[in-house]
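J.: My structure is below; once you've seen it, I'll send some questions.
The values are calculated or read from the model by the stated rules, or taken from the named source; none is laboratory data. Since we're looking at a predicted model, the values are computed, not measured. Neighbour counts run over all protein chains shown; Cβ positions are idealised from the backbone, glycine included.
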Amino acid sequence: MPDELYQQKQSLFDRWAGFYDLTLTSVFYQAVHRRLLDSIQLPDQPYVLDLGCGTGKLLNRLAQYQPDLTGLGVDLSPDMIAQANRVNKGPERMGYQVGNAVALALEDDSFDAVFNTITFLHYPEPEQVLAEVRRVLKSGGRYYLADFAPRWAEEPEVLAQGMSPIQFYSPAVREQLAVEAGLTVLEHTWLLGPVLLTTFG
Ligand SMILES: C[S@@+](CC[C@H](N)C(=O)[O-])C[C@H]1O[C@@H](n2cnc3c(N)ncnc32)[C@H](O)[C@@H]1O
């Protein structure tokens, strides 16, 4: 079943890729990216991963924010990655590759920070993604998860978007998932409307 779901997600985002940056939702997400920059701390010369990078807007913004940053964007959708290479390639120190967050073709202990904006809601296997994040994060690294959150639910809130279900995770559920993955929640910050940033260490 997850394989089928990943295929549905991939074709949904492949179809969306060409006009993704022009939609109102993306304008909202870019406002989220701007707010996110106020809540992050990166070491000098950081190597960062943007998981579910879409068209690469956030990675490009991070490269401008911190000029000594090196970054990699990974996304399930080949068309999103093609679009990222076309419009947000930026300097040579930025790269993009197709990949599924549940099985990253990346070395252990590689990244100083992992970013994950408006993407976690799409994962049918969130525990496995968190295990991968933990594996690729360096010791002392940070994981920034910004996504829609219900303010009160104790269980993940599931919505079916046609054939493509999405799930929202409250602060309490994020904390529980962190413990299971061997991560720690450092703080929760409401970024914009219902979008909650959770910083994990
Ligand atoms: C709503 S877009 C957000 C894109 C970008 N992070 C932003 O802030 O605009 C969600 C992205 O997650 C990607 N995605 C969904 N499931 C994924 C998975 N299992 N692994 C990697 N990327 C995934 C989609 O292809 C899509 O580009």
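J.: List every residue pair whose Cβ atoms lie under 8 Å apart, where the two residues are 6 or more positions apart in sequence or sit on different chains, the first residue falls within region 65-82 and is among the charged types (D, E, K, R), and the second residue, located anywhere, is surrounded by fewer than 22 Cβ atoms within 10 Å (Cβ to Cβ) and at pLDDT below 95.
T.: Within 8 Å, the pairs are Asp79/Gly18.
J.: Hey, among the residues in region 84-95 that are within 22 Å of Ser26 (Cβ to Cβ) and surrounded by fewer than 24 Cβ atoms within 10 Å (Cβ to Cβ), which one's nearest to the ligand (Cβ to nearest atom)? Explain how you work it out, then say what you get.
T.: Start the filter on region 84-95 by keeping residues that are within 22 Å of Ser26 (Cβ to Cβ), which leaves 84-90, 94-95.
Those left that are additionally surrounded by fewer than 24 Cβ atoms within 10 Å (Cβ to Cβ): 85-90, 94-95.
Details: Asn85: 14, Arg86: 15, Val87: 13, Asn88: 11, Lys89: 16, Gly90: 15, Met94: 15, Gly95: 15 Å.
Here the residue is Asn88.
J.: Of everything in region 98-131 that's on the phi < 0 side of the Ramachandran plot and acidic (Asp, Glu), which residue is surrounded by the most Cβ atoms within 10 Å (Cβ to Cβ)?
T.: So the residue we want is Asp112.
J.: Could you please find all residues in region 8-47 being more than 11 Å from the ligand (Cβ to nearest atom), out of contact with any Lys or Arg (no Cβ under 9 Å at 6 or more places or on another chain) and farther than 19 Å from Gln83 by Cβ? Walk me through how you get there before you give the answer.
T.: Residues of region 8-47 more than 11 Å from the ligand (Cβ to nearest atom): 18-19, 22, 24, 34-35, 37-47.
Now drop any that are not out of contact with any Lys or Arg (no Cβ under 9 Å at 6 or more places or on another chain), which leaves 18-19, 22, 24, 35, 38-39, 43-46.
Result: Arg35, Asp38, Ser39, Pro43, Asp44, Gln45, Pro46.
J.: Looking only at region 138-175, how many residues end up being more than 14 Å from the chain's Cα centre (by Cα), modelled with pLDDT of 95 or more and crowded, with 20+ Cβ neighbours inside 10 Å?
T.: Of the residues in that region, 2 qualify.
J.: Suppose we filter region 95-133 for residues that are under 21 Å from Leu58 (Cβ atoms) and either outside any loop (DSSP other than H, G, I, E, B) or within 14 Å of the chain's Cα centre (by Cα) (or both); how many remain?
T.: Residues in region 95-133 being under 21 Å from Leu58 (Cβ atoms) and either outside any loop (DSSP other than H, G, I, E, B) or within 14 Å of the chain's Cα centre (by Cα) (or both): 27 in total.
J.: With the structure loaded, tell me whether Gln64 is over 16 Å from Leu145 (Cβ atoms) and either away from the ligand (no atom under 14 Å from the Cβ) or touching a strand residue (DSSP E or B) at 6+ places or on another chain (Cβ under 9 Å) (or both) or whether it fails that test.
T.: Details: over 16 Å from Leu145 (Cβ atoms): yes; either away from the ligand (no atom under 14 Å from the Cβ) or touching a strand residue (DSSP E or B) at 6+ places or on another chain (Cβ under 9 Å) (or both): yes.
It is true that Gln64 is over 16 Å from Leu145 (Cβ atoms) and either away from the ligand (no atom under 14 Å from the Cβ) or touching a strand residue (DSSP E or B) at 6+ places or on another chain (Cβ under 9 Å) (or both).
J.: Collect the residues in region 1-48 that are part of a helix (DSSP H, G or I) and among the small types (Gly, Ala, Ser), keeping them in residue-number order. Before you say what the answer is, go through the steps one by one.
T.: As a first pass, look at region 1-48 and keep what is part of a helix (DSSP H, G or I): 2-17, 20-22, 24-37.
Matches in region 1-48: Ser11, Ala17, Ser26, Ala31.
J.: A further question follows. Identify the residue in region 68-83 that is assigned to a strand (DSSP E or B) and within 14 Å of the ligand (Cβ to nearest atom) and, among all such residues, is nearest to Lys57 (Cα to Cα).
T.: Step one: list which residues in region 68-83 are assigned to a strand (DSSP E or B), which gives 70-75.
Retained after the next criterion (residues that are within 14 Å of the ligand (Cβ to nearest atom)): 71-75.
Values: Gly71: 12, Leu72: 12, Gly73: 10, Val74: 13, Asp75: 13 Å.
If we take residues in region 68-83 being assigned to a strand (DSSP E or B) and within 14 Å of the ligand (Cβ to nearest atom), then Gly73 is nearest to Lys57 (Cα to Cα).
J.: Another question, then. Please tell me if Val98 is within 17 Å of Gly141 (Cβ to Cβ), in contact with a strand residue (DSSP E or B) (Cβ under 7 Å, 6 or more places away or on another chain) and modelled with pLDDT of 95 or more. Write out each step before concluding.
T.: On the way: within 17 Å of Gly141 (Cβ to Cβ): no; in contact with a strand residue (DSSP E or B) (Cβ under 7 Å, 6 or more places away or on another chain): yes; modelled with pLDDT of 95 or more: yes.
Answer is no for this residue.
J.: Which of (1) more than 8 Å from the ligand (Cβ to nearest atom); (2) within 15 Å of the chain's Cα centre (by Cα); (3) in a loop (DSSP other than H, G, I, E, B) does Gly54 not meet, given it meets every other one?
T.: Single failed check for Gly54: (1).
J.: Any residue at all in region 3-20 that is within 16 Å of the chain's Cα centre (by Cα), in contact (Cβ under 8 Å) with a residue 24 or more places away in the chain, surrounded by fewer than 17 Cβ atoms within 10 Å (Cβ to Cβ) and farther than 22 Å from Ser139 by Cα?
T.: The answer is no, given that none of the residues of region 3-20 is within 16 Å of the chain's Cα centre (by Cα), in contact (Cβ under 8 Å) with a residue 24 or more places away in the chain, surrounded by fewer than 17 Cβ atoms within 10 Å (Cβ to Cβ) and farther than 22 Å from Ser139 by Cα.
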